[in-house]
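Just so you know, all these numbers are worked out from the coordinates, no wet-lab data involved. These figures come from a predicted structure and were not determined experimentally. Please note: Cβ atoms are built from the backbone with ideal geometry, for glycine as well, and neighbour counts cover all protein chains shown.
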Amino acid sequence: MSNHDQFRELIESYALGALDAQERSAFEAHLAGGCAECAKALEEARWLVSQLAYLAPNAEPSDILKGRLLQTVRAEAASDSSLASASRGTAVPWWLWAGVAALLVFSVYSAWNTRRLQEGISDLQRQAEAQRKERAKLEQELLTTKRQAQEAMIWSDPKSVKIKLPAKDPTMPALEAMWHPEMGICVKGWKVPSPGEKRVLQLWLIPKAGKPMPSMTFWPDADGTFTAMVDHPPVGLVDTQALAITEEPMGGSAQPTSAPMWLGGVS
Amino acid sequence: MFLAVFSPKGSDDVSPDATLLHRLLRKDVSAFEEIYERHSRIVYSLVLRILRQGSTAEEVVQDVFLQLWRNSAQYDAKRPFMPWLLTLARNRALDQLRLKSERQRRREEQTEVFPQIAAAAPEYEQALDEKRRAERVRTLITSLPSAQKKAIELAYFEGLSHSEIAAALNEPLGTVKSWIRNGLLRLKDGLKARS
C-alpha cells in the first residue's frame, strides 16, 4: 500500500474529526503537500459527514428563540441603516462649504488686517519715538531757556554781586562771575583755551575759614565760550572769601591739584 | 474557515438558499427569517442531540444564525449552503460541549429530557427532499451493526477520536477505524444509489 493509499483511508475519519493527533498531523501534512485527489475526496467526505446531522431526533426550537433572534437582527439592520444614512450624510453640505469659504476669507482678511495693524503699530511707534525726541528737545530747549532766563536774572538782578576773575597768565582772558544770594552763581568766559586732554576746568569756592570747596566742572566750547551755573553753592556769599578756577583731571577733584588759573575775591 | 467546507455538485444545496443568501448580503431581514424557517429545525435538532440541554442548545443556535447574519459576506455562495450551516452548528455545539466539565455533563445527561420533538419537517418546496434524505441517512446508519452505529455517533455527536471511541466501546483501535470508515462509505454508496 502506497503512502497515498494510506492517507486515502483517513479521509472520512478526518472529515469526521475522529483522527487522533498523530494521524491528523500526518494527513494535514499530506494535504499541504498538494495532493489534489485527497483534497477533492475530502470535500466529498465533508459533505457526507454533514448528512449525519439527520441522525439527530427531530426537535423544534422555541418561538422565544426565533423572536429573540429576529429582534436582534432587526435592531442591527436598523443600526446599519442608520449608519449608512449617517455615512451618506457625511457628504459635505453646501452650508459647510460656505462656512469653509467664509473662514478662508476671514483668515485672509485677518492676515491682511494683522499686517496692516502691525504696520500701524510700527508707524505709531515711530511717531511716539519722534514725539519723545521732540519732547526731549523741547524739554532741553525749555531747560536752556530757563537757564538763560535764570542767567539773565542773575546778571541783571541788583542783589547779585559781580566777581572779577583775572587770569594768572596774562595771556589768558579774564573771567566774570555774578553771585545772586538766592539763585546761585553764574560764571562766564570768552576765548578761553580748552584744558588739556582728559582735563576739565573746575570752580572752587574759597571760604573765609577752611579749605577750598569743590564746585562744578566745565569746558569751553569750540569758540572758547562757556557759561557755568551753580544753583546751590556749598558756601554762602557772605562766608566766601574768593572764587578760583583750576585745571583738574576728568571728573573733578575733591581738593585742588593745581594752582588757580583764575582767582577773584568776593567783596 | 467558513469556506473550507463541502462541495459535491448537484447536492442538496438548492437555488432558494442561494437567492436568500444573496438577499441576506443586503441585510434583508425577511431573507434571514426565511432561512431561519427553512433550517432552524435541523440545526436545532443537531445541536440539541450534541448538547442534550434545550437552553444551551438554543444559545448555540442563536450564535450560529447570528453569525450567519453578521458574516454572510464570508460565505462562498458557490458552495452548498446546508452542509456549511450544519458543520458550523456542529462545531459550535462540540466547542460548547468541550467547555463543560465531564462531571457536569454526566449530571445533565441524567436529568435532561429532549424537549419539543418536532412532529414533521416544514412544508416548503424542498422539505420533502430533505425529509427523504434524512430518512435514507437514518435507514442506512440504523442498518449498521449497533456497535458500528454507536462508533459513528460517538464520533459525530460527541466529537470523540478513534482512540477515545475504542476506549469507550472497549474495542480494538483498528476495529473502530474500520467501522467508522466502512460505515461512512456505506452511507455514501447508499445515498448515491438512491439519489
Positive-pole candidate from A:Q202, A:M172, A:G34, dipole of chain A, charges at beta carbon: A:M172
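Please give the FRET efficiency for A:R74 paired with A:A101, using the beta carbon to beta carbon distance and R0 = 51 Å, rounded to the nearest 0.05.
Here the calculated transfer efficiency is 0.75.
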Exposure proxy order (Cβ contacts within 10 Å, fewest to most) of A:H30, B:H162, B:H22: B:H22, A:H30, B:H162
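Charges only on Cβ, +1 for Lys and Arg, -1 for Asp and Glu: so what's the dipole of the range A:1-59 about the Cα centre, in debye to the nearest 20?
140 debye
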Helix A:21-32 vs. chain A, principal-axis angle (Cα, 0 to 90°, nearest 10): 80 degrees
Taking chain A and dividing mean pair separation by its residue count, relative contact order in percent (alpha carbons under 8 Å, at least six apart): 12 percent
Likely footprinting exposure, A:W97, A:W262, A:W155, fewest C-beta neighbours within 10 Å first: A:W97, A:W155, A:W262
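To the nearest 500 deg cm²/dmol, what mean residue ellipticity at 222 nm is calculated for chain A from DSSP H runs of n ≥ 4 alone, each contributing -39,500 (n - 2.57), summed and divided by the residues?
Helix-only estimate at 222 nm: -17000 deg cm²/dmol.
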Averaged over B:138-147, number of beta-carbon atoms from partner chains that fall within 10 Å: 1
Residues of type aspartates and glutamates that A:K162 reaches as a straight line, Cα spacing below 18 Å, ignoring anything fewer than 8 places off in the same chain: A:E151, A:E176, A:E182, A:D231, A:D239
Prolate/oblate/rounded label for the protein assembly as shown (Cα gyration tensor, a/c 1.5): prolate
Helix axis angle, A:94-156 relative to chain A longest principal axis, alpha carbon, degrees: 10 degrees
Percent of C-alpha pairs per 10 Å bin, the range A:3-53, short to long: 27, 59, 14, 0
Degrees between helix A:63-89 axis and first principal axis of chain A (Cα, 0 to 90, nearest 10): 40 degrees
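Computed FRET efficiency, Cβ-Cβ of B:T139 and A:A26, R0 35 Å: what is it to the nearest 0.05?
Numbers: r = 35 Å, r/R0 = 0.99.
After rounding to 0.05, the efficiency reads 0.50.
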Rounded if a/c under 1.5, otherwise prolate or oblate - chain A, Cα gyration tensor axes: prolate
